[in-house]
Amino acid sequence: MNILGLEYLVFGVDDLSGAHQFLLDYGLDPVHYHPAEGGTYAALDGTGLVVRPASDPSLPPLPPGAATPSLRETVYGVADTATLAALEANLAADRDVAVDADGTLHCLDDSGFGIAFTVTRRRPYAARHLGFNVPGQPPGRAPNDCAADPDAVIKPRTLSHVVYFVADAQQAEAFYARLGFVVTDRFNHLGPFLRPAGTLDHHTLFMIESQNDHMIGCNHFTFHLGSANEVLQHGWNFVKKGYKSFWGPGRHILGSNFFWYFNSPFGAAIEFDADMDLHDDAWTPRACDPGADNSQIFLFDARGKWAPGE
């Protein structure tokens, strides 16, 4: 099934104004916003977030054991209406499926998470080409094109991935496998990294088997930035705005993406991420034990600026 990846994540929150400012600072563009109703926020390619009051009766139910604020629905973009029809036939065989006027399918997965599928509305976009000068390779930038720009406006390019805490990772994996998701790597006794058929990104979904009955819901989510520099520079600006760093900056081993995580008003951490590995069907998934040595190849901690002589 030609599922391309994440289209939107839908959150129910308590602090709409705080969430609004947070997402503006993160770099998303507001498509629309109402102080009492929430808003829709987009990355450069049109993927993004929908934010609603947690009490909004139109939201899907919370996963069992989850609490607000929380992710309420994960919306996947698909290539065409034929894919939607195949998904509807697959899902309606053993669960209730609701269909919107625009053809979007809504249901619950086997872990109780709200999920939906819609024909993608991703769009082409213009962004600065990011080239890198590497000895032994042709120059990535023209002479006199300086890479460091303290005033650069850094924008998330596309919605990258979401991570769930689930009660049973094996059950959750089996559900997404029937929809064409494949395992790229896994942490033993913890959970798999999964990508749908329509993308080569290392993962759009990672599931962590909870060791605590009360820890169910969204662990974190992220958008792709353009480079490691953008992760570091945008994360630095985030710290200066007063946001609390949760983990990073660093670089993962599984997926190879650069990362920096921050606390957020969404009941989950939010990440800046860049330079994720791509895998096709020739890839052989790896399996390793969870732990700090396998979670990152390196990790730094932000500190104040310094100059020689100070």
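Data overview
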quantity: Qualifying residue in the range 76-83 (condition: within 23 Å of Q170 (Cβ to Cβ) and either at pLDDT 95 or above or within 17 Å of the chain's Cα centre (by Cα) (or both)); calculated: yes
quantity: Qualifying residue in the range 53-63 (condition: in contact (Cβ under 8 Å) with a residue 60 or more places away in the chain, over 30 Å from A126 (Cα atoms) and part of a loop (DSSP other than H, G, I, E, B)); calculated: yes
quantity: Verdict on G77 being among the small types (G, A, S), in contact with a Leu (Cβ under 9 Å, 6 or more places away or on another chain), assigned to a strand (DSSP E or B) and within 23 Å of L4 (Cα to Cα); calculated: yes
quantity: In the range 270-285, the residues that are more than 16 Å from H203 (Cβ to Cβ) and of a type in the set (G, A, S); calculated: A282
quantity: So G18, is it of a type outside the set (V, I, T) and either modelled with pLDDT under 95 or not in a strand (DSSP E or B) (or both); calculated: yes
quantity: Residue in the range 103-116 that is surrounded by the fewest Cβ atoms within 10 Å (Cβ to Cβ), counting only those that are free of Cβ contacts under 8 Å to residues at least 60 places away in the same chain, on the phi < 0 side of the Ramachandran plot and not hydrophobic (A, V, I, L, M, F, W, C); calculated: T104
quantity: Candidates A147, A66, filtered to the one that is in a loop (DSSP other than H, G, I, E, B), farther than 25 Å from G198 by Cα and in contact with a helix residue (DSSP H, G or I) (Cβ under 9 Å, 6 or more places away or on another chain); calculated: A147
quantity: Hey, A98 surrounded by fewer than 12 Cβ atoms within 10 Å (Cβ to Cβ) and out of contact with any Gly (no Cβ under 6 Å at 6 or more places or on another chain) or not; calculated: yes
quantity: Considering residues of the range 157-171 that are outside any strand (DSSP E or B) and polar (S, T, N, Q) only, the residue surrounded by the most Cβ atoms within 10 Å (Cβ to Cβ); calculated: Q171
quantity: Cross-chain or 6+ apart pairs with Cβ under 9 Å, the range 80-92 first and outside any helix (DSSP H, G or I), then at pLDDT below 95 and not hydrophobic (A, V, I, L, M, F, W, C); calculated: D80/N2
quantity: Conditions (1) over 19 Å from S295 (Cα atoms); (2) modelled with pLDDT of 95 or more: number failed by N212; calculated: (2)
quantity: Residue tally, condition under 18 Å from Y261 (Cβ atoms) and among the charged types (D, E, K, R), over the range 16-30; calculated: 1
quantity: Scan of the range 176-187 for residues that are surrounded by 17 or more Cβ atoms within 10 Å (Cβ to Cβ), assigned to a helix (DSSP H, G or I) and of a type in the set (A, V, I, L, M, F, W, C), ordered by number; calculated: none
quantity: Any hit, the range 117-137, residues being part of a loop (DSSP other than H, G, I, E, B), surrounded by 18 or more Cβ atoms within 10 Å (Cβ to Cβ) and either aliphatic (A, V, I, L, M) or touching a residue at least 40 places away in the same chain (Cβ under 8 Å) (or both); calculated: yes
quantity: First in the range 284-310 and closer than 19 Å to L232 by Cβ and modelled with pLDDT under 95, second anywhere and assigned to a helix (DSSP H, G or I) and not basic (K, R), Cβ under 8 Å, 6 or more apart; calculated: A302/G235; A302/W236; A302/V239
quantity: Strands (runs of 3 or more DSSP E) completely within the range 202-310 that count 1 or more residues being out of contact with any helix residue (DSSP H, G or I) (no Cβ under 6 Å at 6 or more places or on another chain), acidic (D, E) and crowded, with 21+ Cβ neighbours inside 10 Å; calculated: 269-274
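A quick yes/no check of all residues on (1) β-branched (V, I, T); (2) farther than 30 Å from L16 by Cβ:
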| position | (1), (2) |
| --- | --- |
| R251 | no, yes |
| F259 | no, no |
| I270 | yes, no |
| L278 | no, yes |
| R286 | no, yes |
| P290 | no, yes |
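To keep it simple, each residue is scored yes or no on (1) among the β-branched types (V, I, T); (2) more than 20 Å from H220 (Cβ to Cβ).
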position: A152; (1), (2): no, yes
position: R157; (1), (2): no, no
position: S160; (1), (2): no, no
position: V163; (1), (2): yes, no
position: E173; (1), (2): no, no
position: F181; (1), (2): no, no
position: D185; (1), (2): no, no
position: P192; (1), (2): no, no
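The values are calculated or read from the model by the stated rules, or taken from the named source; none is laboratory data. Note that this is a predicted model, so its numbers are computed, not measured. Cβ coordinates were reconstructed from backbone atoms using ideal geometry, including for glycine residues, and neighbour counts include every protein chain displayed.
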